[in-house]
Amino acid sequence: MKKLLFLLVVVTLSILGFSPSGALARQTTKEKDIQEVRHYVEKQMPILESELKQLSKNSSLEEIEELISNHYKKHPAPKALQNPELSVFNVFPDKVKKYKKFEGKSLNLNNLMNDPRSSSLGEMITFENDNSKVSVLLGETGHINILENKKVSSPRPQKNKIALATGTERTTGIGYGLGGAKQFTVWAEGNFRYDGKKVSVISNDGDWVRHLFGSVFTYTPKGMGKVRDASIGKYKYKEVYSRLLVETLAGFKWGNAVFGTKTVEVYVGSTVNGNIYGGTK
């Protein structure tokens, strides 16, 4: 009777996929896939970095994204990346802990390149032309973040010389996953009025886009093109921001850390003197 019961348990577990040999096989496959994905990332990121550095320094966001797209068409991700049991935490367990100390730090265009801590997050490459500045962060884990601050329209001549307008300014954040998978784009834009003592928002807008490879994530908009007072003491600022809750079991990298769930944000702001700044959180 005991022998029969044992056989029934074994058969049942086998049907459910829990046989000792099946579990061992899955674990072996997973470990193999982890090594394959890690090898791919560690090989491809330096190549992509070299290609980006060969671009003209005044290249546009469109040109940068086209290069990234073409790179991954030539060097497609291995099938191992499709393993649903894999996450960035599995592939890079030695790096995830390091990123936690950067949690909460903003990617601000005004200080990002001057922050010595940024060098340990990956390779940062910047491009700048007459109306935009683009920062590309190539992460060690194969993720790519792009941040663009762009002048959408110039200020109109005003009869009232006391109050001036900045023109419409936009901050865009783009998240890529391993293997060049473009996941989402989120942006915020605003036009600000300033007079040296006060600053206000003339117009505001914002939105987000889910791309093909972002379908494995759950997105919840938490405010698009919203206005806030970002003043600190006597220093007056106004900002327009867009915020998006991103949820995933696979893990994704946004700016400075690897997350399972994260509220990502882009913002653009102005001082009372019309100095524009923007970044991500």
With only alpha-carbon pairs counted, each pair once and no self-pairs, how large is the Kirkwood hydrodynamic radius of the range 40-79 in angstroms? 10.7
Ignoring ligands and nucleic acids, what accessible area does S154 show with a 1.4 Å probe (Å², nearest 10)? 80
Filter K150/K236; K226/K281; K43/K262; K57/K182 down to the pairs with a C-alpha to C-alpha distance above 20 Å, please. K150/K236; K43/K262; K57/K182
On a straight-distance basis, which aspartates and glutamates could pair with K234 in a cross-link, Cα separation under 20 angstrom, same-chain partners fewer than 8 positions away excluded? D195
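The values are calculated or read from the model by the stated rules, or taken from the named source; none is laboratory data. A quick note: this is a predicted structure, and the numbers were derived from the prediction, not measured. Ligands, DNA and RNA are stripped out before the accessible areas are found, and what is left, the full protein with its side chains, is counted by its heavy atoms. Shrake-Rupley method; radii C 1.70, N 1.55, O 1.52, S 1.80 Å.
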